[in-house]
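Input: a single structure, listed below in structure tokens.
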Amino acid sequence: MTSIKDVAARAGVSVATVSRVLNSHPSVSPDAKTRVLAAVDALGYRPNAVARSLRTDQTRTLGLVISDVLNPYFTELARFVEEEARALGYSVIIGNADEQPGLQDHHVRTLLDRRIDGLLVSPADGDSVLMADVARGGTPMVFVDRWMPAVDVPVVRADGRGAIRDLVAHLHALGHRRLAIIAGPAATTTGAERVEAFREALHAYELTLPDAYIGQGDFQADSGRRVTEGFLALPEPPEIVFAADNLMALGALDAIRAAGLRVPQDIGLAAFDDIPWFVHTDPPITAIAQPTGDLGRAAVRALVDIVDGRSPQSVTLPARLVVRRSCGEPAPDQRSNL
């Protein structure tokens, strides 16, 4: 049976070089790659289907690394990515980073070893040496939802700034002045952007965002619960808690109810990232909805464009405010009388 050592000997390279070629490592020279693939074909080291994919550099497989598979937003995003990829003739392998940069990089390495044609990533933080190396090495890559400013690849994301302005205007019109935010990790672009947008929107109404009204979360429910408990313990608690993602909003709701308080009679709650069951909570939660389906489809199309040799532009789509009743809004049958 032919071994990797036989391939290396025939190609006149090291075993390590053969391994790098088979795993599409960017550091291999074109000459070495040509000789290794010729040896693979000549010796029949791989089954014919794999040998053909090596010759064409096409596996019809895309990789997707999402920040947290338990977050309904990312679960839905992954669904739309898979659907669009399948429609274009691709399969998708998914890795869950669980909001951990180290685990994210592990999945990226594993996917590259699988010889994927392209990579979609929603980064768990704003900096990764590996991600920068992957981009420089020529692997087709697109960021979706989040991005890394120092890595020059297309980004497909929603712009939440307009929707956050709409939310603050809505809360101001309802008479609320003490507004707090449960922020996502500052190391993520979405975490930093949503706090900045919230602060700017408050400033437009001559409202401030005191340090005590900024709670540092991590896009997980436990952090939403912990931060909200801190807000409720303040001498002057906020009138509204705005959670910068849906899981932190659910944690906040748990903390409010555990304290024996009611939404919105005692304190209001709003969330970024609408999810289907927000309409079924009591009361239904006012939220900012991202165009998840459009984002997933656009991200796949951009990545396939790169795979096919085209140069797509970044895509930014608007988010929108969905008004329900968790911030003291009147019931639907009362709104027409206002």
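Computed values, structure above
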{"item": "Those residues of region 126-148 which are in a loop (DSSP other than H, G, I, E, B), closer than 15 Å to Thr189 by Cα and not acidic (Asp, Glu), in sequence order", "result": "Gly126, Ser128, Arg146, Trp147, Met148"}
{"item": "Residue match in region 253-263 (condition: open to solvent by less than 10 Å² (accessible area, probe 1.4 Å), in contact (Cβ under 8 Å) with a residue 40 or more places away in the chain and either under 16 Å from Asp218 (Cα atoms) or touching a strand residue (DSSP E or B) at 6+ places or on another chain (Cβ under 6 Å) (or both))", "result": "no"}
{"item": "Boolean, Gly328 is on the phi > 0 side of the Ramachandran plot and open to solvent by 60 Å² or more (accessible area, probe 1.4 Å)", "result": "no"}
{"item": "For Ala319: the one exception among (1) open to solvent by less than 50 Å² (accessible area, probe 1.4 Å); (2) at pLDDT below 95; (3) under 28 Å from the mean Cα position of the chain (by Cα)", "result": "(2)"}
{"item": "Given (1) outside any strand (DSSP E or B); (2) open to solvent by less than 10 Å² (accessible area, probe 1.4 Å), index of the condition Leu120 fails", "result": "(1)"}
{"item": "Matching option when the condition is among the hydrophobic types (A, V, I, L, M, F, W, C) and within 18 Å of Ala158 (Cα to Cα), among Ala252, Ala244", "result": "Ala244"}
{"item": "Scan of region 59-97 for residues that are outside any helix (DSSP H, G or I) and open to solvent by 60 Å² or more (accessible area, probe 1.4 Å), ordered by number", "result": "Arg60, Val69, Leu70, Leu88, Ser91, Ile94"}
{"item": "Candidates Thr292, Thr208, filtered to the one that is closer than 22 Å to Gly162 by Cβ, out of contact with any strand residue (DSSP E or B) (no Cβ under 8 Å at 6 or more places or on another chain), open to solvent by 70 Å² or more (accessible area, probe 1.4 Å) and polar (S, T, N, Q)", "result": "Thr208"}
{"item": "Within region 161-178, tally of residues that are open to solvent by less than 20 Å² (accessible area, probe 1.4 Å) and in contact with a helix residue (DSSP H, G or I) (Cβ under 6 Å, 6 or more places away or on another chain)", "result": "2"}
{"item": "Residue that is touching a Lys or Arg at 6+ places or on another chain (Cβ under 9 Å), touching a residue at least 40 places away in the same chain (Cβ under 8 Å) and surrounded by fewer than 16 Cβ atoms within 10 Å (Cβ to Cβ), where the choices are Glu236, Glu196", "result": "Glu236"}
{"item": "Qualifying positions in region 213-233 - in contact with a strand residue (DSSP E or B) (Cβ under 8 Å, 6 or more places away or on another chain), surrounded by fewer than 21 Cβ atoms within 10 Å (Cβ to Cβ) and aliphatic (A, V, I, L, M)", "result": "Ile214"}
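The values are calculated or read from the model by the stated rules, or taken from the named source; none is laboratory data. Note that this is a predicted model, so its numbers are computed, not measured. We place every Cβ from the backbone using ideal geometry, glycine too, and count neighbours over all the protein chains shown. With ligands, DNA and RNA removed, areas are computed over all heavy atoms of the protein, side chains included. Shrake-Rupley method; radii C 1.70, N 1.55, O 1.52, S 1.80 Å.
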